[in-house]
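*Asks:* A single structure is presented below for examination.
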Amino acid sequence: MHFHLTEEQTAIQDAVRGTLADNWPMERIHAFADDDADFDRASWDALMALGLGSILLPDSAMGLLDAALACEVAGEAAAPGPLIGHLLAVAAVARSDNATTKAHLNALASGAAVATLVHGGSGFVPCARSADFFLIVDRDAGVRLAAASEATIEPLKASDRTRPVSKVAIGAGMGETLFAATDPMTARLADAGLVLLAADALGGGQKVTDMSVAYAKEREQFGQPIGRFQGLKHQLAHMALDIEPARALVWYAAYAWDAGLADAPRAAAMAKAHLCDAYVRAARAAVAAHGGIGYTWEYGLNYWFRRAIFDRAWLGSPAFHRARAAELAGW
């Protein structure tokens with residue numbers, strides 16, 4: 001049994017981190033947030049050039065854990081684009097018997113065609129205006145893939161400036177059915193989405209914690225770094241203790257999904273609930289730790305704070321998934 005990442009998995013994170021450092025620096029985030037676009041093609045193409053789009057193909061020799069590691073780094077960098085929905089769309093199309101959608105698999109796996117996720121009855125969808133396809137995952141109605149031409153899209157002013165959302169309406173009879181509601185793959189895809197979102201939250205929570213520690217070391221008051229003040233030391237320690245132990249929760253949930261373990265659905269629900277709450281707590285604490293500069297637009301901490309709020313709400317609230325985890329445990 002392995003308790004650490006393999007060299008190959010570490011290489012995945014290093015490659016994604018380096019690519020985003022080159023293609024998504026703070027000045028690029030500012031420019032994107034000030035623009036009206038909901039998608040950044042340059043950073044997307046750079047990520048897809050690494051082969052991320054094909055991670056969840058059945059014959060890739062990789063799995064949800066590898067995809068989660070990539071999403072963790074995307075969350076760390078506050079990366080744009082519908083990475084979670086896109087990865088799920090590739091996984092769904094590749095595993096479906098629908099011949100019509102299979103024709104789009106190569107374009108999706110390469111990232112040339114972009115897919116985003118529509119969660120159940122919610123019509124709030126990230127990067128919808130730039131998507132070529134919409135993957136609709138509904139535990140009660142099954143999984144469908146709809147073309148952009150089949151959707152009605154209304155742009156919204158959203159809090160998350162890195163993944164702008166739109167209100168999307170897709171008729172019940174539109175799109176191609178990939179899996180029926182009773183097909184086990186429908187629930188597995190929904191659970192996979194929870195794990196990938198938890199991974200994004202893990203990356204974001206680690207990022208704001210690291211930003212706070214770095215700031216505490218360099219900012220001085222009364223002739224010494226503020227990190228030496230006991231109150232701030234305790235605050236930073238609480239942030240670290242909130243985020244780091246939760247890493248195992250994400251990794252286990254992804255591993256359980258890959259291995260088809262019986263407790264995989266519960267692990268996914270717990271990971272989503274806990275990590276998204278922890279991300280919000282860490283982001284709030286980070287703003288406080290930075291003092292006045294943490295509230296400024298130029299510093300950029302707000303991007304992760306806003307992303308934390310979106311992660312918490314998307315795909316179901318922490319309270320909903322805690323209740324679901326309890327039900328799955330027979331409580």
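The values are calculated or read from the model by the stated rules, or taken from the named source; none is laboratory data. All values derive from a computational prediction rather than experimental measurement. Every residue, glycine as well, gets a Cβ built from its backbone with ideal geometry; the counts of neighbours run over all protein chains shown. To get the accessible areas, we keep the full protein, side chains included, count just its heavy atoms, and leave off ligands, DNA and RNA. Shrake-Rupley method; radii C 1.70, N 1.55, O 1.52, S 1.80 Å.
*Asks:* Of THR19, THR209, THR162, which has the largest mean-square fluctuation in a 10 Å C-alpha GNM of the chain?
*Replies:* In this elastic network of the chain, the residue with the biggest mean-square fluctuation among THR19, THR209, THR162 is THR19.
*Asks:* Determine how large the accessible area of HIS104 is when every protein chain is in place; take a 1.4 Å probe and give Å² rounded to the nearest 10.
*Replies:* Accessible area, nearest 10 Å²: 70 Å².
*Asks:* Sticking with this one: For ALA268, what is the net charge nearby, where nearby means another residue's Cβ is under 10 Å from its Cβ and Lys, Arg count +1, Asp, Glu -1?
*Replies:* With Lys, Arg at +1 and Asp, Glu at -1, the net is +2.
*Asks:* Which ³J(HN,Hα) values in Hz, rounded to whole numbers, follow from the phi angles of region 137-148 under the Karplus curve 6.51 cos²θ - 1.76 cosθ + 1.60, where θ = phi - 60° and Gly and Pro get x?
*Replies:* With coefficients 6.51, -1.76 and 1.60, one gets 10, 9, 4, 8, 10, x, 10, 10, 10, 10, 6, 4 Hz.
*Asks:* For the Cα atoms of the chain, what angle does the longest principal axis make with the long axis of helix 247-259, in degrees from 0 to 90, nearest 10?
*Replies:* For 247-259 against the chain, the angle is about 20 degrees.
*Asks:* Mind computing the radius of gyration and Dmax over the alpha-carbon atoms of region 226-327? Å is fine for both.
*Replies:* Cα only, region 226-327: 15.9, 48 Å (Rg, Dmax).
*Asks:* Further question on the same structure: Can you compute the helix-only [θ] at 222 nm over the chain? Use -39500 (n - 2.57) per DSSP H run of at least 4 residues, normalise by all residues, nearest 500 deg cm²/dmol.
*Replies:* For the chain, the value works out to -18000 deg cm²/dmol.
*Asks:* Which distance in Å, rounded to a whole number, links the C-alpha centroids of region 265-331 and region 136-196?
*Replies:* For region 265-331 versus region 136-196, the Cα centre distance is 21 Å.
*Asks:* Another one. What do you get when you divide the Cα radius of gyration of the chain by 2.2 N^0.38 Å, with N the number of residues?
*Replies:* Output field value: 0.98.
*Asks:* Another question, if that's okay. Give me Rg over Rh for region 1-147, both radii from the alpha carbons and Rh done the Kirkwood way, two decimal places.
*Replies:* Reported Rg/Rh, Kirkwood definition of Rh: 0.97.
*Asks:* Cross-link candidates for LYS272: which lysines have Cα within less than 22 Å, leaving aside residues fewer than 8 places away along the same chain?
*Replies:* LYS207
*Asks:* To the nearest 20 Debye, how big is the dipole of the chain about its Cα centre, given +1 on the beta carbon of each Lys and Arg and -1 on that of each Asp and Glu?
*Replies:* Charge dipole, the chain, about its Cα centre: 880 debye, nearest 20.
*Asks:* Give me, ordered by chain and number, the residues 5 or more places off PHE124 or on other chains with an amide H under 5 Å from its own placed amide H.
*Replies:* Amide H neighbours of PHE124, under 5 Å, 5+ apart: VAL168.
*Asks:* Using θ = phi - 60° and the Karplus form 6.51 cos²θ - 1.76 cosθ + 1.60, what ³J(HN,Hα) does each residue of region 286-296 get, whole Hz, x for Gly and Pro?
*Replies:* 5, 4, 5, 5, 7, x, x, 5, x, 8, 7
*Asks:* What does DSSP give for the chain in terms of the percent of beta bridges that are antiparallel, rounded to the nearest 5?
*Replies:* Of those bridges, close to 80 percent are antiparallel.
*Asks:* With the calculation restricted to Cα positions, what are the radius of gyration and Dmax of region 249-296 in angstrom?
*Replies:* Reported Rg and Dmax, both Å: 15.6, 48.
*Asks:* If I take the Cα coordinates of region 77-157 and project them onto the principal axes, what are the three extents in Å, biggest first?
*Replies:* Between the extreme Cα coordinates on each principal axis of region 77-157 lie 38, 31, 25 Å.
*Asks:* Also, quick follow-up: Which far-off residues, 5 or more places away or on another chain, put their amide H under 5 Å from the one on ALA113, with H placed in the peptide plane?
*Replies:* LEU108
*Asks:* Find which of LEU197, TRP331, ALA264 sits farthest along the positive direction of the dipole of the chain, computed with +1 on the beta-carbon of Lys and Arg, -1 on that of Asp and Glu, about the Cα centre.
*Replies:* TRP331
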